[in-house]
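First comes the structure, then the notes that go with it.
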Amino acid sequence: MTAMPAWLARAASEALRRFGPLLALLLMAAALSLLSEHFLTLDNLLNVFRQSAVNALLALGQLTVIITAGIDLSVGSLLGLSCVLAAMALKAGVPSAAAVLLALATGAVLGALNGILFTKLRLPHPFIPTLGMMNVARGLALVLTGGFPISELPSPFRFWGAGAVAGIPMPVIVVLFFCVLFHLFLTRTTPGRDLYAIGGNRQAALLCGVPVDRRLILAYSLSGLMAGAGAVILAGRMNSGFPLAGVGAELDSIAAVIIGGASFFGGVGTVLGTLVGALIMGVLRNGLNLLNVSAYWQTVVIGAVIVAAVWVDVVRQRAAPGR
Amino acid sequence: MRNRRFISFLLVMLLGGAACSRSAKTKKLDIVLVTKALDSEFWQRLKSGAEQAARQNPEVRLAVLAPEREINIDQQVAILEDQILKRVAALAVAPAGVAEIIPVLEKARAAGIPVLIVDTDIPWPHRAGFVGIDNRLGGRMAAEFIVRAIGGRGKVAVIRGVLGVATQEDRLAGFLDVIQKVPGIHFVGAQPANSERALGMTVMENLLTRHPDLRAVFATNDQMALGAMEAIAARNLTGKIVLVGFDAGREAVRAVLDGRMDAVVAQFPERIGERAIQEAIKAARGQPVEKFVDIGTGLVTRENAHEFLR
């Protein structure tokens, strides 16, 4: 490390941060295309994108929260509850567009409630309110349905999860739309940039006049909103609002964000990285499925990838001078 | 075989280099069995029966895959999507959901892949056939045993698996067919425990708190029954509460043998798996497939339990 000029080390470290996850994704894709003749086909790549879509949406929301040095454990349950409410509304004859809005609103409002509980009740860590919400929302989803899935949804609603435009599956289009939106929000708007400031140093952000509480509530609300969007996609794809939808999804979304290079300590993280993180998980699962590797091995591999991704980041930070 | 493939995959990931291309030149008949999970003896035995059938047909290449848990329906859908893409010769599926699984089965149909349904029947008219048991009959057998064991009087509860799935609904429906005709029996309800052992124990603890005078419990699979058994034992109620399970895995049969459980409705998962693959092979070859194959059930009690341990 001493042999390397400081500017070179910094540039290498920066390149690794920006492109490390992407490089890993490409290496993985290259390896899988050698191992399975089915991997590198258009149909399969669309499969990967479709299968990664819900996690990618949740991860975008999770990213905005992790940037603020927070965490949102409730996204999987909010997805389940939004799923169920939308399906119930559809069964009651509510038009599809309104059911979509209901799912999004459910997520956003309960997400905002997470933020309000965290900031206004001064709970010690976002872990607490979102853990509470995780249980409350899941419980409500089960209570409302009595545990039964609500299936056979109308096709205009299913279009969002199962339809396609010009051969491109709707879930992919929805993910790309939100990626662009979140990228612009996080990099080009004051509230978005404030989130990085809060994650970097909350006290300093407060002293600089950032309305910290309002921004945090916004971040959690966006995370909830993405859970609602994920619900629309999943319910459409599965033709069902099932109360156990999204069990464990919060951990997958956190994994995608971390694999994508965001820091748990806040202030660092990009939309591109997160999207790549979600795709790495999707490619791994898909590739291992194609190779007929059992789901149990898949969790082992994904666990190892999470640790490896963070380890690379730690090594990078140690190597980077002046940090 | 699977391990070797997996290790070579890891090597490639680490080295980032080329891998040996492992292409089978002979034309193989690819059959894929996708179960709800592989985390219990039932599924493991079903799998071994399937592998047995595959061994008898050297041209068949069988893969058995499953999501991590029975509630991970989306993971099962993803596995099926990936297999459909590989244009396998036939799929045998134990559906983790009902309506949730049909869209992806339609994709299989569009790709011309015959789908055989295993264990849990679904209302999908295009299935090549069904191999499993009459779950309603199994539920009735459990109920008849309980009615006899408690002399037709007292409180009875059910611990059940995921809601909305045919196997579970049918077992419960069969159970209620019998129970509700007996005036002395008070049915206190069916509590879900997702077919998992730990949840079965929790639910049983709650039932015992709520109904200290409970006389009998029917758990709609072994795992939940074994969990419930622990909860009953923890309160020193073993032998005082009649406990009946479903599936008859070794652990449950042994529990019946030494009196910790009273009876268990037996399935014969090896036979289900074996027959499923035999039918799937027929489907793959375009031969006629039987539409509904009932493998049959039995009742394990202390008198005959030793026969089931062989």
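The values are calculated or read from the model by the stated rules, or taken from the named source; none is laboratory data. Model, not experiment: these values are computed from the prediction. All Cβ positions, even for glycine, are placed from backbone atoms using ideal geometry, and neighbour counts span all protein chains on display.
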Exercise. Would you check if there is a residue in the stretch A:24-35 being part of a helix (DSSP H, G or I) and under 20 Å from the mean Cα position of the chain (by Cα)?
Key: yes
Quiz item: With respect to A:Thr274, is the statement that it is of a type in the set (S, T, N, Q) and at pLDDT 95 or above true?
Solution: yes
Quiz item: Do you know which of the residues in the stretch B:171-196 that are surrounded by fewer than 21 Cβ atoms within 10 Å (Cβ to Cβ) and among the charged types (D, E, K, R) is farthest from B:Leu299 (Cα to Cα)?
Solution: B:Lys181
Practice problem: Please tell me if A:Val307 is at the interface with chain B (Cβ under 10 Å from one of its Cβ atoms) and either β-branched (Val, Ile, Thr) or assigned to a helix (DSSP H, G or I) (or both). | Solution: no
Exercise. Evaluate the stretch A:214-223: report whether one residue or more is basic (Lys, Arg) and either within 12 Å of chain B (Cβ to nearest Cβ) or in a loop (DSSP other than H, G, I, E, B) (or both).
Key: no
Quiz prompt | For B:Leu62: the one exception among (1) out of contact with any Pro (no Cβ under 7 Å at 6 or more places or on another chain); (2) part of a loop (DSSP other than H, G, I, E, B) | solution = (2)
Exercise. Check A:Ser221 against each of (1) in contact with a Pro (Cβ under 8 Å, 6 or more places away or on another chain); (2) at pLDDT 95 or above and name the one condition it does not meet.
Key: (1)
Exercise. All but one of (1) among the aliphatic types (A, V, I, L, M); (2) crowded, with 24+ Cβ neighbours inside 10 Å; (3) out of contact with any Pro (no Cβ under 9 Å at 6 or more places or on another chain) hold for A:Ala245, so report the exception by its number.
Key: (3)
Quiz item: Taking into account only those residues within the stretch B:104-150 that are part of a loop (DSSP other than H, G, I, E, B) and of a type in the set (Val, Ile, Thr), which is farthest from B:Asp247 (Cα to Cα)?
Solution: B:Ile113
Quiz item: Taking the stretch B:41-71 only, how many residues are over 16 Å from B:Gln83 (Cβ atoms) and within 9 Å of another protein chain (Cβ to nearest Cβ)?
Solution: 3
Quiz item: Under 6 Å by Cβ, and 6 or more places apart or on different chains, what pairs join a residue from the stretch A:155-170 that is within 14 Å of A:Phe49 (Cβ to Cβ) with one that is assigned to a loop (DSSP other than H, G, I, E, B)?
Solution: A:Met170/A:Gly163
Exercise. Would you point out the residue of the stretch B:45-59, among those that are touching a strand residue (DSSP E or B) at 6+ places or on another chain (Cβ under 6 Å) and assigned to a helix (DSSP H, G or I), that is nearest to B:Leu309 (Cα to Cα)?
Key: B:Lys47
Quiz prompt | Failed condition for A:Val143, given (1) buried (at least 20 other Cβ atoms within 10 Å of the Cβ); (2) at pLDDT below 95 | solution = (1)
Quiz item: Is it the case that some residue within the stretch A:38-54 is more than 10 Å from chain B (Cβ to nearest Cβ), outside any helix (DSSP H, G or I) and at pLDDT 95 or above?
Solution: no
Quiz prompt | Matching entry among B:Ala128, B:Ala142, B:Ala96, B:Ala90 (being surrounded by 21 or more Cβ atoms within 10 Å (Cβ to Cβ), under 30 Å from A:Gly139 (Cβ atoms), more than 14 Å from every other protein chain (Cβ to nearest Cβ) and among the aliphatic types (A, V, I, L, M)) | solution = B:Ala142
Exercise. Need at least 3 residues that are under 30 Å from B:Ala63 (Cβ atoms) per element, so show me which helices (runs of 4 or more DSSP H) inside the stretch B:194-308 make the cut, counting only ones lying wholly within it.
Key: B:197-210, B:222-234, B:250-257, B:269-284
Quiz item: Which number in (1) closer than 30 Å to B:Ile31 by Cβ; (2) over 18 Å from the mean Cα position of the chain (by Cα); (3) surrounded by 15 or more Cβ atoms within 10 Å (Cβ to Cβ) marks the one condition that B:Phe268 misses?
Solution: (2)
Quiz item: Which members of the stretch B:51-91 meet the condition of being in contact with a Lys or Arg (Cβ under 6 Å, 6 or more places away or on another chain) and among the hydrophobic types (A, V, I, L, M, F, W, C)?
Solution: B:Val64, B:Ile84
Self-check item: So A:Arg122, is it among the basic types (Lys, Arg) and buried (at least 16 other Cβ atoms within 10 Å of the Cβ)
Solution: no
Quiz item: Hey, does the stretch A:56-65 have a residue that's part of a helix (DSSP H, G or I) and within 12 Å of chain B (Cβ to nearest Cβ)?
Solution: no
Quiz item: Do you know which residues across the stretch B:16-37 are part of a loop (DSSP other than H, G, I, E, B) and at pLDDT 90 or above?
Solution: B:Thr35, B:Lys36, B:Ala37
Quiz item: Since A:Pro171 meets every condition but one in (1) closer than 23 Å to A:Leu58 by Cα; (2) surrounded by 15 or more Cβ atoms within 10 Å (Cβ to Cβ); (3) at pLDDT below 95, which condition does it not meet?
Solution: (3)
Self-check item: From A:Ser52, A:Ser13, A:Ser74, A:Ser82, residue being surrounded by fewer than 24 Cβ atoms within 10 Å (Cβ to Cβ) and in contact (Cβ under 8 Å) with a residue 60 or more places away in the chain
Solution: A:Ser13
